[in-house]
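The block underneath contains the structure these notes are about, expressed in structure tokens.
The values are calculated or read from the model by the stated rules, or taken from the named source; none is laboratory data. Please read all numbers here as calculations on a predicted model, not as lab measurements. Ideal geometry is used to build each Cβ from the backbone, glycine not excepted, and the neighbour counts take in all protein chains shown. Ligands, DNA and RNA are excluded from the accessible area calculation, which covers all protein heavy atoms including side chains. Shrake-Rupley method; radii C 1.70, N 1.55, O 1.52, S 1.80 Å.
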Amino acid sequence: MDYVNIIVDISHEKVDRVFQYRVPEALRDHLQVGMQVEAPFGRGNRLTKGYVVGLTDRPDYPPEKIKELQGVVKGSVKAESQLIALAAWMRERYGSTMNHALKTVLPVKQKTRQKQSKKLVRRITKEEAEKLLREYRRKHYRAKARLLEALLEKDAIRSQEAADTLKISAAVIRGLEAEGVIRVETETLYRNPFAGHFEKKEQKVILNTEQTRAVEGIWADYEKGIRRTYLLHGVTGSGKTEVYMELIARVIQKGRQAVVLIPEIALTFQTVRRFHERFGDRVSVMHSRLSEGERYDQFLRAKEGEIDVIIGPRSALFAPFSSIGMIIIDEEHESSYKSETVPRYHAREAAIFRAGMCGASVLLGSATPSVESYHQAQNGTYGLYRLTGRIGEALLPKVSIIDLRAELKAGNRSIFSRKLREAMEERLRLSQQMMLFLNRRGLSGFVSCRSCGEAIRCPHCDVTLSLHVGGSLKCHYCGYETPMPEACPACGSRYISGFRAGTQQIEREVKKLFPRARVLRMDYDTTRTKESYEQILTSFGKGEADVLVGTQMIVKGHDFSNVTLVGVLAADLSLHASDYRASERTFQLLTQAVGRAGRGSQAGEAVIQTYLPEHYSIRTAAAQDYEAFFQQEMLYRKLLSYPPIAFMLGIYLSGPQEEFLKTCSEQLGELIQRFSVEGLIVIGPAAAALSRKQDLYRRVIYLKHPEESVLLNVKKALEQELEKSTVWQKIYIQFDYNPLNAY
């Protein structure tokens, strides 16, 4: 192996290709694909880091023109060749540099100092130790005598125990080691974020008929060597997790590993607990809230085969497992599985690609599947299994839709409808728990003037500022902060205030109405620290609070048996988003929220408050009728050629000069039109939904076409055209395939 191909660690399109270097003699036996290396780059031969993507004996250029590799980056983590291949696929599909893709699939990039424990072990026999102890006592070697006494009681003790309890110095330990009395053994300790939290329990698993049908059907394919993607459509509380665990148990028996993706870090604690009780310490997690040391240790444990199951948000998909047998994506409909940074990959698509490389099956689970996934299941691309009833004695909750227009006419201007307030009083009387959901954060929504209608906006991001406790206005994009003005900056009116209640205001209103109620709040502001998620959820699960107030994170996947009431305080808020998926997201959110009630033996109830009680997404969510929603939604998608009927490609442009950006976007739109692609629909260019962010102006072009391959070819053609001119280097261009969120 004389030459090495590397991707240079510079995120720029002009260097987004393989560069070849000569391998020095000293490195020939050490280099491997995936290692991070240093190499001379550019005219000045400055040292630049890069990733090894190939090794070869054949030069691609005249040997005398090939520069020599400098060395391997000390402490770098070797990537698996499979992850390198996954990065290459992501770059090709989602339109990023190879370096961006590599940094995505290599979530752990550098070694951290390993945690170690030292143990003192007696080397001599018990008889020899007793004789030596008498000698130490005679010579008044008190420290040596104390340590030897301890080692006569047990053959080994921790060095920390020797220092703290026995007051033994390092010099004494070195002396005994030199005499051959003891030896010091070093053991590497993995930093495990859930160490000591859970215990493995012996469980007798009994699946119901529908669960058994799903498990046996998927496993029959697996045993035949058939690997495909399946959709498990189960109502809330139907036991999807039991299906996951049974399939994982069988995969582990085959000597293979499993990846379980969850949409939110908030779900990690509860999910890990259930899996840990089944599989013990062979379960671990990967997510951004872990410390660097914890992340690196979980990376090592996965790489060295010390765990069988990895759980976490979408980045857990890139765990360095050597033999994945099953990838499970729970709550597969969640938009958090789509990356909002380059490369803008979807975890579902990336999981299916990785499963194809390693011979694994993919199982998607949801009570409210994405329209795209259900469409794939309907046309036979995905296998489909259904769980139509809740496990045990639990029943779907009774749901009431409250028309807030009627409440206003009746003189009720409270956050709570009369029906919801009565239901809350009843639950508190019965010592049952409730969840109150609001899709907002902060004290309130935007602040505006009631005289002229002017809203207070961020000067950098062109979004309304949110009012927080203490009277400050904050931007949730860039962090800009300013005091709440006493008068309108535009017209001087003093009639200026916030609109729409936030979680903090809901919390205060509950305490005002029910002074004895114990209230917990779970939103962005209360879950910033590493342990905050599990502290809040554990406290609520133990019954230490009567009411849990929160944003979307409280209605996703949590299972509390004593929760018998869910109140949805702003059901139609998400319907007003400028997004073609607004109805789908509203249906999913309401169905998931309603599903948190009545998961134990007690009957559940949900109260949905809305100004649009006739909307189909609200009516079908209240009825827990996915089929009715899907049929109605597909009519809308067909009418306007939205996914999954057609495919979409978002082209996002940003730059510091508004007019120059506008000109460039128009030129790009004209270039696309010149491609003359039959059936291609071009929308825009236009200002983005967020037209300015952190002092960068933003514009967008959307493309639609019935054939996926056509859009990918257009993207590739555009990339080639953009490389031909330096003009395009003055603005930043991103591609977003089937975008889920507005730009």
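If the requirement is being farther than 17 Å from Leu436 by Cβ and open to solvent by less than 10 Å² (accessible area, probe 1.4 Å), which of these qualifies: Thr586, Thr620?
Selected residue: Thr586, the only one of Thr586, Thr620 that is farther than 17 Å from Leu436 by Cβ and open to solvent by less than 10 Å² (accessible area, probe 1.4 Å).
If you go through the stretch 596-609 one residue at a time, do you hit one that is more than 28 Å from the chain's Cα centre (by Cα) and among the acidic types (Asp, Glu)?
Yes, the stretch 596-609 has at least one match.
Look through the stretch 163-181, keep the residues that are of a type in the set (A, V, I, L, M, F, W, C) and part of a helix (DSSP H, G or I), and return whichever of them is most open to solvent (accessible area, probe 1.4 Å).
Here the residue is Ala178.
Considering the stretch 20-61 alone, what residues qualify as being of a type in the set (Phe, Trp, Tyr) and open to solvent by less than 30 Å² (accessible area, probe 1.4 Å)?
Tyr21, Tyr51 - these are the residues of the stretch 20-61 that are of a type in the set (Phe, Trp, Tyr) and open to solvent by less than 30 Å² (accessible area, probe 1.4 Å).
Which residue out of Leu612, Leu649 is of a type in the set (A, V, I, L, M) and more than 28 Å from the chain's Cα centre (by Cα)?
Result of the check over Leu612, Leu649: Leu612.
Does the stretch 355-367 contain at least one residue that is open to solvent by 10 Å² or more (accessible area, probe 1.4 Å), under 30 Å from Thr620 (Cα atoms) and either among the hydroxyl-bearing types (Ser, Thr, Tyr) or within 16 Å of the chain's Cα centre (by Cα) (or both)?
no
Go over the candidates Tyr230, Tyr222 one by one and state the one that is among the aromatic types (Phe, Trp, Tyr), under 26 Å from the mean Cα position of the chain (by Cα) and either closer than 25 Å to Ala593 by Cβ or buried (at least 16 other Cβ atoms within 10 Å of the Cβ) (or both).
None of the other options fit; the residue is Tyr230.
Any chance the stretch 356-363 includes a residue that's closer than 30 Å to Ser561 by Cα and part of a strand (DSSP E or B)?
yes
Would a scan of the stretch 672-692 turn up a residue that is assigned to a strand (DSSP E or B), under 30 Å from Asn379 (Cα atoms) and open to solvent by 50 Å² or more (accessible area, probe 1.4 Å)?
Yes, because at least one residue in the stretch 672-692 is assigned to a strand (DSSP E or B), under 30 Å from Asn379 (Cα atoms) and open to solvent by 50 Å² or more (accessible area, probe 1.4 Å).
Taking into account only those residues within the stretch 652-679 that are out of contact with any Asp or Glu (no Cβ under 8 Å at 6 or more places or on another chain) and hydrophobic (A, V, I, L, M, F, W, C), which is nearest to Ser373 (Cα to Cα)?
Checked the stretch 652-679; the qualifying residue nearest to Ser373 (Cα to Cα) is Val677.
Only one of (1) modelled with pLDDT under 90; (2) under 30 Å from Arg183 (Cα atoms) fails for Arg122. Which number is that?
Failed condition: (1).
Go through (1) open to solvent by 60 Å² or more (accessible area, probe 1.4 Å); (2) modelled with pLDDT under 90; (3) basic (Lys, Arg) and name the single condition Lys78 misses.
(1)
Which of the residues spanning the stretch 258-271 are touching a strand residue (DSSP E or B) at 6+ places or on another chain (Cβ under 6 Å) and surrounded by fewer than 24 Cβ atoms within 10 Å (Cβ to Cβ)?
Result: Thr271, single match.
Show the residue pairs meeting these rules: Cβ distance below 7 Å; 6+ apart or different chains; first residue within the stretch 85-113 and at positive phi; second residue surrounded by fewer than 20 Cβ atoms within 10 Å (Cβ to Cβ) and at pLDDT 85 or above.
Final answer for the pair search is Gly95/Lys715; Gly95/Glu719.
So Pro644 clears everything in (1) open to solvent by 10 Å² or more (accessible area, probe 1.4 Å); (2) under 15 Å from Val371 (Cα atoms); (3) in a helix (DSSP H, G or I) except one condition, right? Which one?
Exception for Pro644: condition (3).
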